[in-house]
Amino acid sequence: MSLERERALVADLTAALRERVRPALGSHAGRAHADASEGGDVTFAIDADAEALLEEFVAERAPTTAFYSEDRGLVEPDSGGAEQVLVVDPIDGTRPALAGFEAACVSVALAPADPDPTMGDVLVGCVMEIKSGARFLAVRGEGLDSTAPVRLSATTELDRLFWTYGFRGRPARPTVEVLGDLIDRSSVGGATFELGSATYDMTRVLTGQLDAYLEPGPRLIDEVPGMREEFERVGGGHVLNNSPYDLAAAALCARAAGAIVTDASGRSLDDRPLLGGGVEFQMSVACSSNETLHERLIAEIDRGVGRLRGAR
């Protein structure tokens, strides 16, 4: 099946969103709160501007295609009966974007719209860094097309690990209880980072700048009593973990490059629903540069979750 039209649509939408957002990088005006998103996170003015461009672009270029975005949820074409759906995070890393940092990306994925699509149904995925314009574009079965060098790390030793995790909307103490031994172990001979964007984190694994990205949040909620209430406390009544729109494009790109992507228990993400932003759709994630490292990191998360359960 040729996906040239779909590839062009995803690539062009990603580039258009980047061009709309780039002038606002580092802008204090963009920090104004516009509303709350479909998933419960704050919608900043910079997000609202990107969402407006998304709606305009789809109406003009793909009027029979549905789209799902962080702020709007699912938007069906006026004609109904969409055959494909775009899954879009116009700014993954809004807070780094507002600070003018590099760790902010546009993320666009495309999948069949019917029946209910899953992560494994994604056909095309594109991640583009807003500041630099570096692009990672994957078409299922055709590998990864990247404007940045792709060189997966061969690191397997945890003492030398360069890795990242996320704290936005996550309760800090339980998260560190789970990841703390790994943070301590790698903080001198390696390095730990909180960069503020799942797509940027995962593409840093592809460039070899990082060895891994770990986000165990939904596993904590599933397995540790009282954790959902802790996440809601930090999230102002909402649970703010990675949703499909955060991961769909980056996961396809990462796997196309040979990286390992699973949830934080080591299970495939392929059967997870693609359209949704509530707590039941959110996913933990572990992305590693090689299989040996991945197995060791999952074992560390297992031990960390055990410690947290024992401490409750």
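Among residues belonging to region 69-88 that are within 21 Å of the chain's Cα centre (by Cα) and of a type in the set (D, E, K, R), point out the one that is most open to solvent (accessible area, probe 1.4 Å). Of everything passing the filter in region 69-88, R72 is most open to solvent (accessible area, probe 1.4 Å). Here P115 meets the list (1) modelled with pLDDT under 95; (2) crowded, with 21+ Cβ neighbours inside 10 Å almost entirely, failing just condition (2). The number of residues in region 120-138 being open to solvent by less than 10 Å² (accessible area, probe 1.4 Å) and touching a Lys or Arg at 6+ places or on another chain (Cβ under 9 Å) comes to 8. Check whether at least one residue in region 144-154 is of a type outside the set (K, R), closer than 16 Å to M202 by Cβ, out of contact with any His (no Cβ under 6 Å at 6 or more places or on another chain) and open to solvent by less than 10 Å² (accessible area, probe 1.4 Å), and report yes or no. The answer is no; no qualifying residue exists. Picking from D184, D159, which residue would you name as being exposed (fewer than 15 other Cβ atoms within 10 Å of the Cβ), out of contact with any strand residue (DSSP E or B) (no Cβ under 8 Å at 6 or more places or on another chain), more than 25 Å from V224 (Cα to Cα) and at pLDDT 95 or above? Within the list D184, D159, the selection yields D159. When P273, P225 are checked against the criterion of being in contact with a Phe, Trp or Tyr (Cβ under 8 Å, 6 or more places away or on another chain), over 23 Å from G190 (Cα atoms) and surrounded by fewer than 20 Cβ atoms within 10 Å (Cβ to Cβ), a single residue qualifies: P273.
Looking at S284, S243, S268, S288, which one is surrounded by fewer than 21 Cβ atoms within 10 Å (Cβ to Cβ) and at negative phi? Just a single option satisfies the conditions, and that option is S268.
Comparison of V58, V108 shows that the only residue that is open to solvent by less than 30 Å² (accessible area, probe 1.4 Å), modelled with pLDDT of 90 or more, of a type in the set (A, V, I, L, M) and not in a helix (DSSP H, G or I) is V108. Selection of strands (runs of 3 or more DSSP E) fully inside region 195-305 by the criterion of at least 1 residues being closer than 16 Å to G166 by Cα and either in contact (Cβ under 8 Å) with a residue 60 or more places away in the chain or among the charged types (D, E, K, R) (or both) returns 212-215, 285-288.
Answer yes if at least one residue in region 195-218 is open to solvent by 10 Å² or more (accessible area, probe 1.4 Å), farther than 24 Å from A109 by Cβ and small (G, A, S), and no otherwise. Looking through region 195-218, none of the residues is open to solvent by 10 Å² or more (accessible area, probe 1.4 Å), farther than 24 Å from A109 by Cβ and small (G, A, S).
With respect to being aliphatic (A, V, I, L, M), under 18 Å from G120 (Cα atoms) and modelled with pLDDT of 95 or more, A299 falls outside the description. Among the residues of region 303-310, none qualifies, meaning not one is open to solvent by 20 Å² or more (accessible area, probe 1.4 Å) and under 21 Å from the mean Cα position of the chain (by Cα). Scanning region 144-187 for residues that are under 20 Å from A249 (Cβ atoms) and in a strand (DSSP E or B) yields L144, D145, S146, T164.
The values are calculated or read from the model by the stated rules, or taken from the named source; none is laboratory data. Note that the coordinates shown come from a computational prediction; the quantities given were computed from them, not determined experimentally. A quick note on method: Cβ atoms are made from the backbone with ideal geometry, for glycine too, and the neighbour counts reach across all protein chains shown. Ligands, DNA and RNA are stripped out before the accessible areas are found, and what is left, the full protein with its side chains, is counted by its heavy atoms. Shrake-Rupley method; radii C 1.70, N 1.55, O 1.52, S 1.80 Å.
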